[in-house]
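Please read the structure below before turning to the comments.
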Amino acid sequence: MLNRTQVPDSKQVNEINFIEPQEQELENGIKVYTINAGKQDLVRIEFIFDNVNWDESKPLQAIGVSHLVNNGTARLSAKDIADKVDYYGAFLQTEYGADQSSIKLYTLNKHLRAVLPILKSIIDESVFPEQELAIFIQNQKQSLQVSLQKNDFLARKNFAHAIFGQSSYGANIEPSDYDALRQSDLLDYYRSAYKPQNCSIFVAGRFEHTEFELLNSIFGKNWNNSNSSVQNKFSFSSSPKGELLIERPEAIQSAIRMGTRSINRTHPDFAAFQVLNCVLGGYFGSRLMANIREDKGYTYGIGSAVVSMKDTGYFFIATEVGAEVCGKAMEEIEKEIHILKTELVPAAELDLVRNYMLGSMLGSLENTFSHADKFKSIHYSGLDYAYYENYIQTVKTIDSNCLQALANKYLNTGEFVKVIAGKK
Amino acid sequence: MVDFNRFTLANGLRVLVHEDDTTPMAVLNILYDVGARDEEADKTGFAHLFEHLMFGGSVNIPSYDEPLQRVGGENNAFTSNDITNYYITLPAVNLETAFWLESDRMLSLAFSEKSLETQRNVVCEEFKQRYLNQPYGDVWLKLRPLAYKKHPYQWATIGQDLKQIEDAKMEDVKAFFKKHYNPQNAIMVVGGNVKTQDVKALAEKWFAPIAPGEKYLRNLPQEPLQQESRQETVYAKVPLNAIYMAFKMPDRKNPDYQCFDLISDVLSQGQSSRLYNSLLKEQQLFSEIHAYITSSIDEGLFVVEGKLVEGVKMEQAEAAIWKELKKLKEHQVSTDELTKVKNKSESIMVFAEMSLLDKAMNLAYYELLGDAGLLNNEIDRYLAVTAEQMQQAARNTFVKEQCSTLYYLIAKDA
């Protein structure tokens, strides 16, 4: 007779294999990091540029360039570009991140030869037509108006501004910033940032010698741009704290976001802090979820995270709760943090978190794209694969005393910024 | 190509296995053939609320999530108007834990009052977060009843209102479980670093003892042919005027389905698409414009929606959409344009094979449609679509008498 109360045997994840990229150089010195794996005949190629020349009076320069870079070049109109890329079934994405901007191409290998020259034109000879800029400004302003009606967006924006000020991480974007955007600003930024010396290429998928030679023949030569630029570097001294209420009288839910600037991936405590974060709000069974969603039913979801950037990092807790229980939810969050600081995490819970995090790491290496993403994370933090070894070791061995010490070191709610968009 | 093996247990549970040794992970996906369309009109939102209750402990296992996380696994689920789908990903070495958990909740839930009370609250907060506390969040709560008058697609999966969720009773929960959650109404897909013979043994061990239950025979009210143009206007505190147009289109199994999908791509897939170029870029009437299909198993909707540029008149914006739809009726799409949307479909299908979970979910869904093998020749059905067929489909579909239009307008402060 089957005993359904008997838990089946299980094993802790022991072996996690990372595929390290092959490092090559194009003729002009651009580094190409390739993970050549996978069963499908497809490839993802990312051109990544460090963000540079931060000018707080023009906070949209880099974002504008990232949005519009594929909207017209010396030889192709925005429509030509879109037609060609779509015709070959390829996907072209431009992305603006905290520290880097990227242009990503996803394509089936059979169309690579046809689409790479389009990409070259975008990266080397984009012109940012006035007409396209005007449409961008108009539509982005409209989209911002909609976002400004969302409590979650307001909380996020105000939180970032509170802890990062007018840096690229926290700039408080107003509709007027869009109006101030000029074609010349975009061209200036584009010429400074989108150049071989500021570019690295990350490839994942099927990518053999022939494909590399093709890439080299297009991007390894005849790409001349020696404009100077200064990489963004931010330092933050003052520590803002306290509550910030953005009143939304008709809100039926309030968005809460609280936290503080914190350590990043390069800090020796970072892996251990992630374990602590996982216990608190990093997974479905976390204490915040168990209390505020599963026990109290105040919210559809609550979570916390530690985020690593180039020169800094931050920790935050975010949720949207019924407006009438906002105060109570804030108290419960404080309570959960207090418990972490004063009581040891029980061994059974810590074991669960260890296994969950190891399983999650294993699962995050699903395909060749995810292996490339893992590499990018450490590469842009100036780290190597020893980081992951240490991470896995930390997850396996960290003890409850250590977690308690970390909670006291990093989770001082008196130092937190607490943003509420809605009602309290 | 997504290979699979298939077998059926004596109690009627259909099982598919997709072996993929490139990953150390496994997926266990169970699709229950029940969605919001199977709800009673005074108990809407129930299939989705029920999905939440499936995590509230089962007859022999008090906590669902905890033992799964303990072996390094994760899970989630979603409910649509047609189906309820549950999935687990975990290290393949711990696959049996997934069988243990999923089989116990198919056997019977714990039916805890505490869980019901909490999940009623959680779902009400979800309702607020996604539908009520967002600009334009309630569009589908308005558009569905405008487009469907008889068929249960007239309500959204979240339900018609908060009240019906708040009123859910334990006896309803039990009845719903009995009716829909049994082996005959489920399709299980196990994928990843697994072997078919092991999956077979585990399925026999954990699922075979579950009683087959009664087969649910679906008999839904049919939607009568729409013969009048329908309009509704909503005023709300939103920053921009918006329009939503919903046309009736064939069901998912209809041979024309792929043709409609490609029409929506011609209109709206990527920056080369017609609506984007004509209405957003050239005429600058819209700051956002999209066309898409609902892909529902019964008669579906072909939707065009857009947010108007400030100062643009609604009549002008609406007429411009109609003009684009008329073009599809009057002229065949060019060979290049047709090749383009077919190439894109092919790409999307190949890229979808990068994700183990997507593969497992797709196998389950195609099996529900009649045969998981359909997944592997789906692309051929796209490639076979002709320009004539698209023109004919446009002619049959884009007519005022089959259109439901929702004007979502800025409320002027009274």
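The values are calculated or read from the model by the stated rules, or taken from the named source; none is laboratory data. No experiment lies behind these values; they were computed from the predicted model shown. Cβ: placed from backbone, ideal geometry, glycine included. Neighbour counts: every protein chain shown. Only protein heavy atoms, including side chains, enter the accessible area calculation; ligands, DNA and RNA are left aside. Shrake-Rupley method; radii C 1.70, N 1.55, O 1.52, S 1.80 Å.
Report yes if some residue within the range B:75-91 is of a type in the set (Val, Ile, Thr), under 22 Å from B:Ala208 (Cβ atoms) and either buried (at least 21 other Cβ atoms within 10 Å of the Cβ) or at the interface with another protein chain (Cβ under 9 Å from one of its Cβ atoms) (or both); otherwise report no.
Looking through the range B:75-91, at least one residue is of a type in the set (Val, Ile, Thr), under 22 Å from B:Ala208 (Cβ atoms) and either buried (at least 21 other Cβ atoms within 10 Å of the Cβ) or at the interface with another protein chain (Cβ under 9 Å from one of its Cβ atoms) (or both).
Which of the residues spanning the range A:130-152 are part of a helix (DSSP H, G or I), without any contact (Cβ under 8 Å) to a residue 24 or more places away in the chain and either within 8 Å of chain B (Cβ to nearest Cβ) or not hydroxyl-bearing (Ser, Thr, Tyr) (or both)?
Once the filter is applied, which keeps residues that are part of a helix (DSSP H, G or I), without any contact (Cβ under 8 Å) to a residue 24 or more places away in the chain and either within 8 Å of chain B (Cβ to nearest Cβ) or not hydroxyl-bearing (Ser, Thr, Tyr) (or both), the range A:130-152 yields A:Gln131, A:Ala134, A:Ile135, A:Gln138, A:Asn139, A:Gln142, A:Ser143, A:Val146.
Take A:Gln12 and tell me if it is within 14 Å of chain B (Cβ to nearest Cβ), in contact (Cβ under 8 Å) with a residue 24 or more places away in the chain and open to solvent by 80 Å² or more (accessible area, probe 1.4 Å).
Spelling it out, A:Gln12 is indeed within 14 Å of chain B (Cβ to nearest Cβ), in contact (Cβ under 8 Å) with a residue 24 or more places away in the chain and open to solvent by 80 Å² or more (accessible area, probe 1.4 Å).
Return the residue satisfying two criteria in turn: it lies in the range A:30-64 and is in a helix (DSSP H, G or I) and in contact with a strand residue (DSSP E or B) (Cβ under 7 Å, 6 or more places away or on another chain), and of such residues it is nearest to A:Ser226 (Cα to Cα).
That would be A:Ala62.
Starting from residues that are within 13 Å of chain A (Cβ to nearest Cβ) and touching a residue at least 60 places away in the same chain (Cβ under 8 Å), keep the ones in the range B:106-117 and report whichever is surrounded by the most Cβ atoms within 10 Å (Cβ to Cβ).
By that ranking, first place goes to B:Met106.
Answer yes or no as to whether A:Ile339 is buried (at least 19 other Cβ atoms within 10 Å of the Cβ) and more than 10 Å from chain B (Cβ to nearest Cβ).
Judged against the criteria, A:Ile339 is not a match.
So which residues in the range B:349-370 are of a type in the set (S, T, N, Q) and part of a helix (DSSP H, G or I), if there are any at all?
B:Asn362
Restricted to the range B:1-23, and to residues that are of a type in the set (S, T, N, Q) and part of a strand (DSSP E or B), which residue is least open to solvent (accessible area, probe 1.4 Å)?
Looking at the filtered set, the residue picked out is B:Asn5.
Can we say B:Ala291 is touching a strand residue (DSSP E or B) at 6+ places or on another chain (Cβ under 7 Å), more than 13 Å from every other protein chain (Cβ to nearest Cβ), crowded, with 21+ Cβ neighbours inside 10 Å and modelled with pLDDT of 95 or more?
yes
Quick check: is even one residue across the range A:286-293 at pLDDT below 95 and in a loop (DSSP other than H, G, I, E, B)?
No - not one qualifying residue is present in the range A:286-293.
Filter the range B:163-194 down to the residues that are crowded, with 19+ Cβ neighbours inside 10 Å and of a type in the set (A, V, I, L, M, F, W, C) and list them by number.
Within the range B:163-194, B:Ile165, B:Ala168, B:Val173, B:Phe176, B:Phe177, B:Ala186, B:Ile187, B:Met188, B:Val189, B:Val190, B:Val194 qualify.
Looking at the structure I just gave you, is B:Lys342 under 16 Å from B:Ser264 (Cβ atoms), open to solvent by 10 Å² or more (accessible area, probe 1.4 Å) and either within 14 Å of another protein chain (Cβ to nearest Cβ) or assigned to a helix (DSSP H, G or I) (or both)?
Considered against the rule, which asks whether it is under 16 Å from B:Ser264 (Cβ atoms), open to solvent by 10 Å² or more (accessible area, probe 1.4 Å) and either within 14 Å of another protein chain (Cβ to nearest Cβ) or assigned to a helix (DSSP H, G or I) (or both), B:Lys342 comes out as yes.
Consider the range A:210-261. How many of its residues are part of a loop (DSSP other than H, G, I, E, B) and not β-branched (Val, Ile, Thr)?
Qualifying residue count for the region: 24.
Tell me, which residue of the range A:104-129 that is among the β-branched types (Val, Ile, Thr) and more than 14 Å from every other protein chain (Cβ to nearest Cβ) is nearest to A:Glu211 (Cα to Cα)?
Among residues in the range A:104-129 that are among the β-branched types (Val, Ile, Thr) and more than 14 Å from every other protein chain (Cβ to nearest Cβ), the one nearest to A:Glu211 (Cα to Cα) is A:Ile123.
Tally the residues that are surrounded by 15 or more Cβ atoms within 10 Å (Cβ to Cβ) and more than 14 Å from every other protein chain (Cβ to nearest Cβ), restricting the search to the range A:391-401.
4
Among the residues of the range A:294-317, which ones are away from every other protein chain (no Cβ under 12 Å), part of a strand (DSSP E or B) and not hydroxyl-bearing (Ser, Thr, Tyr)?
Selection gives A:Gly303, A:Ala305, A:Val306, A:Val307, A:Gly313, A:Phe315, A:Phe316, A:Ile317.
May I ask you to list pairs of residues, at least six apart or on different chains, whose Cβ atoms are under 6 Å apart, with the first in the range B:1-17 being within 21 Å of B:Met349 (Cβ to Cβ) and the second being among the basic types (Lys, Arg) and surrounded by 15 or more Cβ atoms within 10 Å (Cβ to Cβ)?
B:Val2/B:Lys359; B:Leu16/B:Arg6
Can you find, within the range B:206-241, the residue that is nearest to the chain's Cα centre (by Cα) among those that are among the basic types (Lys, Arg) and away from chain A (no Cβ under 14 Å)?
Restricting to residues being among the basic types (Lys, Arg) and away from chain A (no Cβ under 14 Å), the top hit is B:Arg218.
When the range B:24-47 is examined, which residues are found to be open to solvent by 10 Å² or more (accessible area, probe 1.4 Å), within 14 Å of chain A (Cβ to nearest Cβ) and modelled with pLDDT of 95 or more?
Residue satisfying the conditions is B:Met25 alone.
Return the total of residues in the range A:229-261 being at pLDDT below 90 and open to solvent by less than 30 Å² (accessible area, probe 1.4 Å).
Going through the range A:229-261 one residue at a time, the tally reaches 0.
Take the residues of the range A:41-66 that are within 14 Å of another protein chain (Cβ to nearest Cβ) and of a type outside the set (Val, Ile, Thr): which is surrounded by the fewest Cβ atoms within 10 Å (Cβ to Cβ)?
Step by step, filter the range A:41-66, then rank; the result is A:Asp41.
What are the residues in the range A:154-178 that are buried (at least 16 other Cβ atoms within 10 Å of the Cβ), part of a helix (DSSP H, G or I) and free of Cβ contacts under 8 Å to residues at least 24 places away in the same chain, if any?
Residues satisfying the conditions are A:Lys157, A:Ala160, A:His161.
Return yes when A:Glu125 is in contact with a helix residue (DSSP H, G or I) (Cβ under 6 Å, 6 or more places away or on another chain), within 16 Å of A:Leu76 (Cα to Cα), in the same structural domain as A:Ser102 (by TED's automatic domain parsing) and surrounded by fewer than 19 Cβ atoms within 10 Å (Cβ to Cβ) and no when it is not.
The answer is no for A:Glu125.
If you check A:Gly38, A:Gly97, which single one turns out to be under 26 Å from the mean Cα position of the chain (by Cα) and within 14 Å of chain B (Cβ to nearest Cβ)?
A:Gly38
Here is a list: A:Ala98, A:Ala114. Which entry is surrounded by fewer than 16 Cβ atoms within 10 Å (Cβ to Cβ) and in contact with a Phe, Trp or Tyr (Cβ under 6 Å, 6 or more places away or on another chain)?
A:Ala114
I'd like the residue in the range A:365-374 that is assigned to a helix (DSSP H, G or I) and open to solvent by 30 Å² or more (accessible area, probe 1.4 Å) and, out of all such residues, is farthest from the other protein chains (Cβ to nearest Cβ).
Only one residue tops the list, namely A:Lys374.
Only residues that are free of Cβ contacts under 8 Å to residues at least 60 places away in the same chain, open to solvent by 10 Å² or more (accessible area, probe 1.4 Å) and not polar (S, T, N, Q): list them for the range B:258-276, please.
Listed by number, the residues that qualify are B:Arg274, B:Tyr276.
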